[in-house]
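Here is the structure we will look at.
Any read-out appearing in this document is the output of simple, stated calculations on the displayed coordinates, not a laboratory observation. Quick caveat: nothing in here was measured; it's all calculated off a predicted structure. Please note: Cβ atoms are built from the backbone with ideal geometry, for glycine as well, and neighbour counts cover all protein chains shown.
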There are 2 protein chains.
Amino acid sequence: MARRRIAVIGVGKIAQDQHLPVIDASDDFELAATVSTRGLSHNGLPVFRTPAELYAAMPELALVSICTPPGIRHQYVREALDAGKDVMMEKPPTTTISELDDLIAHARRLDRVLYQTWHSQWNPAVDRTKAILAQDGVRSVRIDWRESVRKWHPGQDWVWEPGGFGVCDPGINALSIFTKIMPFPVFVESARLTFPANRQTPIDVEIAFKSGQMHQPKLSAGFNWLEESGEIWTIGVETGAGDVIKLEGGGRSLTINDELVLQHGDGEYAAMYDHFAGLLERHESDVDAAPLRLMSDVFLMGARVNGPEFEW
Amino acid sequence: MARRRIAVIGVGKIAQDQHLPVIDASDDFELAATVSTRGLSHNGLPVFRTPAELYAAMPELALVSICTPPGIRHQYVREALDAGKDVMMEKPPTTTISELDDLIAHARRLDRVLYQTWHSQWNPAVDRTKAILAQDGVRSVRIDWRESVRKWHPGQDWVWEPGGFGVCDPGINALSIFTKIMPFPVFVESARLTFPANRQTPIDVEIAFKSGQMHQPKLSAGFNWLEESGEIWTIGVETGAGDVIKLEGGGRSLTINDELVLQHGDGEYAAMYDHFAGLLERHESDVDAAPLRLMSDVFLMGARVNGPEFEW
């Protein structure tokens with residue numbers, strides 16, 4: 001079968017590191033063009049300054065992958081759907097829940113395929129964990145998501161602006177794994193968000209979750225942006241069978257009772273594009289709103305603590 | 001037709017002021033029992049300490065109206081749906097978006113009727129405004145929702161606890177009218193929340209909304225809890241036709257170009273129970289999540305300001 005022609009909208013770091021090389025190597029997709037406000041082309045293919053210019057110049061193009069920051073995403077996805085395109089979008093989906101729900105409804109109204117990606121969900125170690133918990137149940141979960149904002153966002157003041165989510169921007173990756181592996185729905189019971197006195201997004205977040213389960217598993221998470229010893233992206237689970245599971249490295253390594261049972265490299269984006277090809281084949285949408293909802297609930301329910309000022 | 005037997009769960013101020021008298025006067029409903037942790041009966045009817053006791057004692061009862069504070073609502077609605085009841089629930093629906101979406105999905109799964117009420121929506125002046133805006137369009141909206149927390153919640157420290165919403169608790173009534181009357185979807189563009197330095201919920205909120213509309217109407221809201229001159233519950237609209245509309249008194253009075261065209265008393269709860277009877281007749285749910293979503297987006301997107309301490 002001929003490969004499906006797709007355009008990438010927003011040629012920032014994630015498009016250059018992942019989307020473009022994965023499309024180049026794909027059996028399902030073929031890059032047709034890019035949209036870049038800075039005019040960044042790829043492999044000499046056409047580049048447009050706005051989505052509208054792309055749609056006007058290539059009306060037959062049916063697919064777009066939107067890799068911009070979330071602030072503009074609602075407008076861009078709306079435009080793409082209105083132009084009759086099927087759409088894949090980066091995480092976090094939008095800056096508000098109302099916008100995401102509007103996109104879900106709009107795609108349904110227009111009968112278009114909408115795929116909301118959560119890259120951390122696409123790891124074999126995550127799938128294996130999900131299968132184990134579905135069978136054995138859950139006694140407790142502890143999420144530790146710690147990294148250095150100075151390493152990952154050096155000097156980027158926008159991460160501290162309202163709507164930037166702060167340490168919840170990496171933290172939502174943990175929530176996307178958490179909501180995928182849990183065999184029952186989870187809700188925010190309470191949270192504590194520490195804001196640097198001179199900044200508008202949290203630098204440290206501690207969350208207690210609840211579930212409707214009779215046996216009341218103990219579920220909690222801690223996100224921190226001041227970890228200088230290296231990344232700690234770990235989800236620890238005690239199963240109903242008493243086994244101790246550790247998902248480490250953001251979902252790429254699985255240890256059961258101190259024995260390493262699975263470790264693999266980064267196949268997240270290749271798996272996502274495979275999944276998108278399947279959705280298109282079946283003309284199905286896939287929008288998982290659970291991670292953004294949980295994160296939004298943290299801000300809604302959380303106690304605020306004024307912490308020390310943060311300077312780069 | 002025989003009146004439908006219904007139980008009221010949670011016999012606090014809103015049940016005593018509204019639900020119980022409205023059911024007593026209804027042609028569609030008949031009170032069967034109450035559930036009250038304080039043992040508050042009504043008209044000598046049976047009273048139970050927990051919903052589980054009610055369901056065990058009156059298994060044939062098909063309807064409940066849940067009037068508790070929102071913290072316990074998710075659990076109570078889940079229990080009621082699981083017990084096979086159709087459910088009407090007070091506002092605000094739940095303390096998180098995840099919980100509300102879970103209830104919507106659960107009711108659908110069990111094929112039960114779930115009705116989420118927003119009392120401020122049930123005013124003829126609101127309906128009239130909606131009809132006008134649907135025809136003439138919108139140039140601008142300004143919402144002013146100001147009242148005294150000392151008058152409405154004297155000494156109630158829980159309104160300042162995390163998850164209590166603060167001034168957004170009355171403010172969500174304005175949002176429920178706003179989302180009902182607008183002829184297009186609206187989203188939070190930015191917000192500023194002022195928290196008393198010694199409290200965990202906002203005392204003053206200013207919101208700028210955006211829409212996907214080409215003509216970019218100017219949309220904003222201000223909520224304040226320190227208004228001692230009396231309640232100001234006003235939504236001012238300039239229509240696309242240039243008319244100036246004022247919805248005042250929380251939706252009970254409509255003025256167009258300084259001419260009072262509609263003013264009426266409180267028929268909100270009677271209209272809601274009429275609507276619930278219709279939903280039951282048609283076996284349809286009605287859950288409008290838009291007001292809670294918008295409020296949640298305000299907390300997610302908003303800039304925080306530390307204001308002066310608040311003491312009663």
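Using only Cα atoms, find the angle between the long axis of helix B:168-181 and the longest principal axis of chain B, and express it within 0 to 90 degrees, rounded to the nearest 10. With rounding to tens, the tilt is 80 degrees. Note on A:150-159: average number of Cβ atoms from other chains within 10 Å of each residue's Cβ is 0. Beyond 16 Å, the tail of the calculated P(r) for the range A:167-219 holds 50 percent of the Cα pairs. Between this copy and the others, label points of B:Gly240 are 5.5 nm apart in ascending order, each placed 7 angstrom from Cα in the Cβ direction.
What the pair-distance distribution of the range B:65-185 shows, using all Cα-Cα distances binned every 5 Å from zero, is 2, 10, 17, 18, 17, 15, 13, 7, 2, 0 percent. Here the dipole of the protein assembly as shown is about 80 debye; that uses its Cα centre as origin and unit charges on the Cβ of Lys and Arg (positive) and Asp and Glu (negative). Using only the alpha-carbon atoms, how far is helix B:268-282 inclined from the longest principal axis of chain B? Give it as 0 to 90 degrees, nearest 10. For helix B:268-282, the angle is close to 60 degrees.
What separates the Cα centres of the range A:97-173 and the range B:206-237 is a distance of 32 Å. Computed over the protein assembly as shown, the range of Cα coordinates on each principal axis works out to 74, 64, 53 Å, biggest value leading.
For the range A:141-239, give me the percentage of DSSP beta bridges that are antiparallel, rounded to the nearest 5 percent. The partial results should precede the final answer.
Values: 21 of 27 bridges.
Of those bridges, close to 80 percent are antiparallel.
Eigen-decomposition of the gyration tensor built on the alpha-carbon atoms of the range A:4-116 gives equivalent ellipsoid semi-axes of 21, 15, 13 angstrom, largest listed first.
Given the options B:Ile203, B:Ile14, B:Ile232, which has the most mean-square fluctuation in a GNM of chain B, springs set between C-alpha atoms less than 10 angstrom apart? Among B:Ile203, B:Ile14, B:Ile232, the largest mean-square fluctuation in the Gaussian network model of chain B belongs to B:Ile14.
For chain B, the longest principal axis of the C-alpha atoms and the axis of helix B:73-82 are separated by about 40°.
For the range A:283-308 versus the range A:3-22, the spacing of their alpha-carbon centroids is 26 Å.
For the range B:110-117, the Karplus equation 6.51 cos²θ - 1.76 cosθ + 1.60, evaluated at θ = phi - 60°, returns couplings of 8, 6, 10, 7, 10, 10, 8, 8 Hz by residue, with Gly and Pro reported as x. Simple rule: put +1 on each Lys or Arg Cβ and -1 on each Asp or Glu Cβ in chain A, find the dipole, and look at A:Trp158, A:Ser211, A:Leu254; the Cα lying farthest toward the positive end is A:Ser211. Considering helices alone, the calculated mean residue ellipticity of chain A at 222 nm is -9000 deg cm²/dmol, with DSSP H runs of length four and up weighted by -39500 (n - 2.57) and normalised per residue. Hey, could you get me the Stokes-Einstein D for chain A, Kirkwood radius over alpha-carbon pairs, 4 °C and 1.567 mPa s, rounded to whole µm² s⁻¹? After rounding, the answer is 63 µm²/s. Across the range A:157-312, the volume of the C-alpha convex hull divided among the residues equals 161 Å³ per residue. With a cut-off of 11 Å between beta carbons, the residues surrounding B:Ser190 carry a summed charge of -2, where Lys and Arg count +1 and Asp and Glu -1. Of the trypsin sites (Lys or Arg not before Pro) found in the range A:17-118, the ones in coil according to DSSP and having at most 16 other Cβ atoms within 10 Å of their Cβ are A:Arg38, A:Arg49.
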